[in-house]
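Asks: Supplied in structure tokens, the structure appears directly below.
Any read-out appearing in this document is the output of simple, stated calculations on the displayed coordinates, not a laboratory observation. As the structure is a prediction and not an experimental result, all values here were calculated from the model. Because the Cβ atoms are built from the backbone with ideal geometry, glycine has one as well, and the counts that use them run over all protein chains shown.
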Amino acid sequence: MRNDHSTSVGPRLGARVRRLHPLDWLAGGLLLTGVVAAATGLLPAGPAQDQMRRIGPLLAFLATVIVLAELAGRAQVFDVVAAWVARAGRGRYPLLFALCVAFASLTTITLNLDTTAVLLTPVMLALAGRVGIAAVPLAMTTVWLANTASLLLPVSNLTNLLAAERVALSPTGLAAVMWLPQLAAIGVTALCLWVFYWRRGRRGADTYTPPPVPSPDDRVLLGVSSVACAGFLLAILVVDVPLWSASLVAMAVVVAAYAVRRRAELRLSLVPWRLLVLVPGMFLVVETVDAHGLHGLLVRALGSDDGLAGMLRTAGVGAGLANVLNNLPAYVAGEAVVPAGNHHQLLALLVGVNAGPLVTPWGSLATLLWFERCRWQGTRIGVRRFALTGLVLAVGATGAATCALALTV
């Protein structure tokens, strides 16, 4: 007699496998490769254990802040703010442009670049459809500032967390060093956005009609989520607590509110499983490659100059490597080469891997997620134009931010 349960498991499992995204396969492949390297001795046990201990707090932060941002998005926090931004523009494109730059920058700085890519992109594209604004300028504003506006705080980018740990800087300490490079990077980004995508000849209209502010489905959830996000930002700037604990508390508040108001929305799919698999896989694979030749190449490429020339060289190599590999493994590999006392050179590497990966779609995880969201929304992004305009911005933003860094350190 055939077991109906066992025969139904196979088709269900097969359907789930077929639904896996290419990024899921990439994440799983990287983790499997890293585990095999550690198990076979290609990656020595000591470095493997050190990397896993190091990224534990990063993974805790990543998981909690993404869940916080996802639930805040479902509570319409971003929709309401985006509508207010459009209304504040009063139908004038130059004013709307300035407000969109500020909105995308603030989201990236306070809630990290992946939040901007995952949650702000569909909000901006939906806003474009409602008010008749061309979608591509809004989309490019999101992806470029998701990368170039991620220099200021440890929360803004996982690479910042690693750099702040290495140079022993608190959130306020990092902000005190990076505020001018961050302004420079945003300024160059705004200039490139206007020239390449927002000016009259590109956007195709003189004015737009401001949309009404959406009525929230649940004002309690909107209020709780807004307060939790603001409290999270305040905690990391004012209180000396680990980032993961601040994001955990803020997430717990929002989850508790959802448990009372919309329990059905609390699902395991909220957890960013792909990222939690991808990040340790990247670390293990890069550590393995580093042990078998990459380290020597980077020693020669980066040098040991902690002055302006060395900073520019390091930032340029970091940006180039980020576009070839990905910004997170590029930072990890470069950090292992920079001498322990060369804090200026290390921060220049951070500038390169944050502001530079704008040429290839895989330069940063945020860019990959952004391409995926644009495809889902039906917005076509020309890869050739993306790469060419991104190259101009990568060179300009990385150079300007590195020179600004030399003035603040």
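Asks: Please identify the longest segment of the chain free of exposed trypsin sites (Lys or Arg not before Pro), where exposed means a DSSP state other than H, G, I, E or B and no more than 14 other Cβ atoms within 10 Å.
Replies: 268-379
Asks: For residue 219 and residue 259, compute 0.36 nm times the residue count separating them, minus their Cα-Cα distance, and round to one decimal in nm.
Replies: 12.9 nm
Asks: What ranking do 140, 178 get, fewest neighbouring Cβ atoms within 10 angstrom at the top?
Replies: By the 10 Å Cβ count, ascending, the order reads 140, 178.
Asks: Running a GNM on the chain with Cα contacts under 10 Å, which residue among 98, 163, 190 ends up with the highest mean-square fluctuation?
Replies: 98
Asks: Counting other C-beta atoms within 10 Å, which of 70, 287 has the fewest, and how do the rest follow?
Replies: Result, fewest neighbours first: 70, 287.
Asks: Springs between alpha-carbon atoms under 10 Å, Gaussian network over the chain: tell me which of 82, 48, 149 tops the mean-square fluctuations.
Replies: Per the Cα network of the chain with a 10 Å cutoff, 48 tops the list.
Asks: How long are the three semi-axes of the equivalent ellipsoid for the chain, computed from the Cα gyration tensor as the root of 5 times each eigenvalue, in whole Å, largest first?
Replies: 32, 29, 21
Asks: Go ahead and estimate [θ] at 222 nm for the chain from helices alone: -39,500 (n - 2.57) per DSSP H run with n ≥ 4, summed, over the residue count, rounded to 500.
Replies: The helix contribution divided over the chain gives -24000 deg cm²/dmol.
Asks: Hey, what do the phi angles of the stretch 225-231 turn into as Karplus ³J(HN,Hα) couplings, whole Hz, using 6.51/-1.76/1.60 and θ = phi - 60°, x for Gly and Pro?
Replies: 5, 5, 5, 5, 5, 5, x
Asks: Suppose R0 equals 25 Å. What FRET efficiency, 1/(1 + (r/R0)^6) with r the Cβ-Cβ distance, do residue 53 and residue 292 give to the nearest 0.05?
Replies: Plugging the Cβ-Cβ distance into 1/(1 + (r/R0)^6) gives 0.70.
Asks: What length, rounded to one decimal in nm, is gained on full extension from residue 205 through to residue 268, with 0.36 nm per residue of separation minus their alpha-carbon distance?
Replies: 18.4 nm
Asks: At 7 Å along Cα-to-Cβ for each site, give me the label-to-label distance between residue 375 and residue 92 in nm.
Replies: Placing both labels 7 Å beyond Cα along the Cβ direction yields 4.0 nm.
Asks: Return the single residue from 136, 224, 260 with maximal mean-square fluctuation; model: Gaussian network over the chain, springs between Cα atoms under 10 Å.
Replies: 260
Asks: Quick one: Cα centre-to-centre distance for the stretch 158-213 and the stretch 77-91, in angstrom?
Replies: 18
Asks: Could you work out how far apart the two model spin labels at residue 249 and residue 230 are, taking each label as a point 7 Å from the Cα in the direction of the beta carbon, and quote it in nm?
Replies: Taking the two extended label points, one gets 1.7 nm.
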